[in-house]
Amino acid sequence: MNRQLILPSLCALLLTAALTGCHGAPSGKNAAAAQAKVLVTTVKPVQRTFHNTVRAWGSVVGDPQHARAVSLAHGGQVVALRVTAGQTVKRGQPLLTLTPDPAAHNAFLQAQNALALARGELKRTEQLAAQRLATQSQLAAARKALADAQAALAAQRAMGGGAVEQVVRAPADGVVTALDVSLGQRVAANAPLLSFTPAHALIAQLGIQPQDGPALHPGMTVALRPVYGSTATFTGTLRVVGQSVDPQTRLVPTQVDLPARASARLVAGAALDAQIRTDAFTAWAVPREAVLHDDKGYYLFQVENGRAKRIEVTMRNPHGKTVGVEGSLDAKAPVIVLGVYELNDGDAVKESAK
């Protein structure tokens with residue numbers, strides 16, 4: 001063979017081999033990257049019963065079935081206030097002090113004078129009857145006048161007309177939910193002085209959006225949480241669902257019975273945030289951090305043949321650490337929880353040892 005033909009051919013083969021060595025085979029770094037797997041932790045999806053909820057807001061108030069307004073049968077002037085609204089009190093504890101008004105004191109004095117007159121008249125009539133100068137009917141009338149005068153004085157004394165000052169005391173252990181008077185104020189007979197609710201007689205007064213009203217009925221379970229202070233949660237029972245919108249709040253009023261431990265720890269006026277459980281449904285229960293969201297909606301990843309598979313889901317219960325979702329999940333395929341933010345659909349994954 002001619003040497004002039006062999007040398008060019010050999011050079012061409014060597015150049016081709018060199019180029020192949022540079023670009024045809026993956027380097028060690030690229031090969032490792034191609035074989036890399038994302039380390040993830042997983043859980044098995046399970047079906048669980050959830051409840052739809054209705055959000056409500058409100059506060060703790062005295063139970064209207066047990067609350068009472070404290071008043072006096074006579075007028076007077078407030079000379080001392082010993083409590084404030086929202087204060088917890090014990091049975092017999094002084095709440096406020098009044099001095100009777102002049103009219104009440106005058107009525108008491110008149111009753112005293114009438115009693116003294118009736119006693120004197122009865123004594124004189126008895127003396128005349130002993131001398132046969134008065135009839136039995138006159139004696140009976142004098143005795144009746146004395147009895148009437150005694151009853152009138154007792155009534156005035158009961159109304160506080162004879163006292164220099166009258167102390168209003170707590171009728172039982174409970175909470176002063178409102179003060180209707182101020183120091184120095186003159187009050188009329190039977191005017192409310194304060195509102196009082198016995199201990200363990202508190203309820204939750206809540207408001208709901210009008211469109212949520214038809215879904216509610218008495219007896220439903222309500223989860224309540226104080227807005228401020230304590231992080232404790234309580235479970236109550238829906239008692240009343242209003243049938244009209246409150247003109248001030250534009251919400252439908254509802255009432256919730258509180259458990260005994262809530263009444264012992266909450267005070268009247270405390271703000272509450274509530275979730276009312278309505279109808280039940282079944283959904284996949286997965287950790288909240290397993291569910292992602294993008295412009296297409298909610299989704300999660302399951303492990304299928306060692307790779308991440310994107311599953312579109314619908315969020316049914318977004319509350320809590322475990323959420324409820326609906327979608328085409330495989331009950332046997334693990335759901336990826338940790339490492340999910342690093343994944344794309346189809347990425348190779350490796351489950352960490354538990």
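The values are calculated or read from the model by the stated rules, or taken from the named source; none is laboratory data. Because the structure is a prediction, the values reported are computed rather than measured. With ideal geometry, Cβ positions are generated from the backbone for all residues, glycine too; neighbour counts draw on all protein chains shown.
Miscellaneous remarks
- So LEU193, is it more than 30 Å from LEU122 (Cα to Cα), touching a residue at least 12 places away in the same chain (Cβ under 8 Å) and in the same structural domain as ALA260 (by TED's automatic domain parsing): no
- Note on segment 227-266: residues that are more than 15 Å from LEU206 (Cβ to Cβ) and either outside the structural domain of GLN211 (by TED's automatic domain parsing) or in contact with a Phe, Trp or Tyr (Cβ under 8 Å, 6 or more places away or on another chain) (or both) amount to 2.
- Applying a threshold of 7 Å to beta carbon distances and a minimum spacing of six or more residues, or different chains, the list of pairs starting in segment 198-215 at a residue that is closer than 24 Å to ARG91 by Cα and in the same structural domain as GLY174 (by TED's automatic domain parsing) and ending at one that is surrounded by fewer than 16 Cβ atoms within 10 Å (Cβ to Cβ) and at pLDDT 95 or above is empty.
- Number of residues in segment 231-250 that are part of a loop (DSSP other than H, G, I, E, B) and over 12 Å from the mean Cα position of the chain (by Cα) equals 9.
- Check on ASP101, in contact (Cβ under 8 Å) with a residue 60 or more places away in the chain and of a type in the set (Asp, Glu): yes
- Check on THR231, of a type in the set (Ser, Thr, Tyr) and modelled with pLDDT of 90 or more: no
- Test: residue in segment 23-42 that is exposed (fewer than 13 other Cβ atoms within 10 Å of the Cβ) and modelled with pLDDT of 90 or more: yes
- Output for segment 64-92, where each listed residue is within 30 Å of ALA151 (Cα to Cα) and among the polar types (S, T, N, Q): SER71, GLN77
A quick yes/no check of all residues on (1) surrounded by fewer than 18 Cβ atoms within 10 Å (Cβ to Cβ); (2) polar (S, T, N, Q); (3) farther than 14 Å from PRO45 by Cβ:
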| position | (1), (2), (3) |
| --- | --- |
| ALA290 | no, no, no |
| GLN302 | no, yes, no |
| ARG307 | yes, no, yes |
| ILE311 | no, no, no |
| ARG316 | yes, no, no |
| SER328 | yes, yes, no |
| LYS332 | yes, no, no |
| ILE336 | no, no, no |
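- Scan segment 49-71 for residues that are modelled with pLDDT of 90 or more and not in a strand (DSSP E or B) and the total you get is 0.
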